[in-house]
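S.K.: Below: one structure in structure tokens.
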Amino acid sequence: MQDNPEEMLPLVDEDGHCTGTATRAECHSGSKLLHPVVHLHLYDTAGRLYLQKRPLWKDIQPGKYETSTGGHMAPGESVREALRREVREELGITEFEPEHLCTYIFESDRERELVNVFIAVTDETPRPSDELDGGCFMSSEEIESAIRDGLLTPNFVHEYRTILRAASNQK
């Protein structure tokens with residue numbers, strides 16, 4: 001299995017308004033074409049966070065653990081439609097109430113994304129699809145250990161340290 005380099009992705013401005021389309025390959029080539037993605041941080045009722053493991057065939061950050069669900073939006077798709085589709089496709093979960101935390105721009109040496117970040121709590125058991133190499137719920141102590149061991153994507157570490165901690169401190 002591999003990502004489709006010809007998959008069309010929407011391009012957006014910093015406010016999220018569509019400005020055109022480009023292929024996945026173009027967006028991940030270092031061109032810094034801004035494209036929207038959705039991220040869901042899914043907690044269980046015990047307060048543990050589910051992290052998916054990226055398959056080794058992924059073109060970015062293979063083999064690392066990251067956000068419960070994350071994916072590109074399709075052209076013409078709303079943020080919430082993309083979020084529900086990605087969670088259903090990747091984890092088989094359909095019953096959840098997402099809370100939007102923030103939207104920010106993430107930039108790496110290969111890409112630039114407009115990231116729409118959500119959290120939710122579930123009592124459903126994730127059923128990872130073949131798009132993933134599994135996943136697991138982790139406590140905050142286990143996440144901190146995984147950060148020290150370099151097992152997590154930089155994007156997840158950024159969200160965990162800045163967005164999720166801030167959200168938990170406000171509750």
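S.K.: Identify which of 15, 44, 123 has the largest mean-square fluctuation in a Gaussian network model of the chain, with springs joining Cα atoms closer than 10 Å.
M.R.: 15
S.K.: Apply the Karplus parameterisation 6.51 cos²θ - 1.76 cosθ + 1.60, with θ equal to phi minus 60°, to every residue of segment 103-117 and state each ³J(HN,Hα) to the nearest whole Hz, in sequence, with x for glycine and proline.
M.R.: Per residue, the Karplus-derived 3J(HN,Hα) values read 10, 8, 9, 10, 10, 10, 6, 9, 7, 9, 10, 9, 9, 9, 9 Hz.
S.K.: Here's another thing I want to ask about it. Find the lysine pairs in the chain meeting two conditions, Cα atoms under 28 Å apart and a separation of 8 or more places or different chains, and report how many there are. Before the final figure, lay out each step's value.
M.R.: Values: 32/53; 32/58; 32/64; 53/64.
Total qualifying Lys-Lys pairs in the chain comes to 4.
S.K.: Give me the percent of the accessible area of the chain that comes from carbon and sulfur atoms, probe 1.4 Å, all protein chains in place.
M.R.: 48 percent
S.K.: Would you rank 129, 68, 29 by solvent-accessible area, highest first, keeping every protein chain in place and using a 1.4 Å probe?
M.R.: Order by accessible area, largest first: 29, 129, 68.
S.K.: Solvent-accessible area per residue for the chain at a 1.4 Å probe radius, Å²?
M.R.: Here the per-residue accessible area is 49 Å².
S.K.: Taking R0 as 25 Å, what FRET efficiency do you get between residue 165 and residue 46 from their Cβ-Cβ distance, rounded to the nearest 0.05?
M.R.: 0.85
The values are calculated or read from the model by the stated rules, or taken from the named source; none is laboratory data. Predicted model, so just to flag it, every value in this text is computed and none were measured. In this analysis, Cβ positions are derived from the backbone assuming ideal geometry, glycine residues included, and neighbour counts consider all displayed protein chains. Accessible surface is based on the protein model in full, side chains and every heavy atom, while ligands, DNA and RNA are left aside. Shrake-Rupley method; radii C 1.70, N 1.55, O 1.52, S 1.80 Å.
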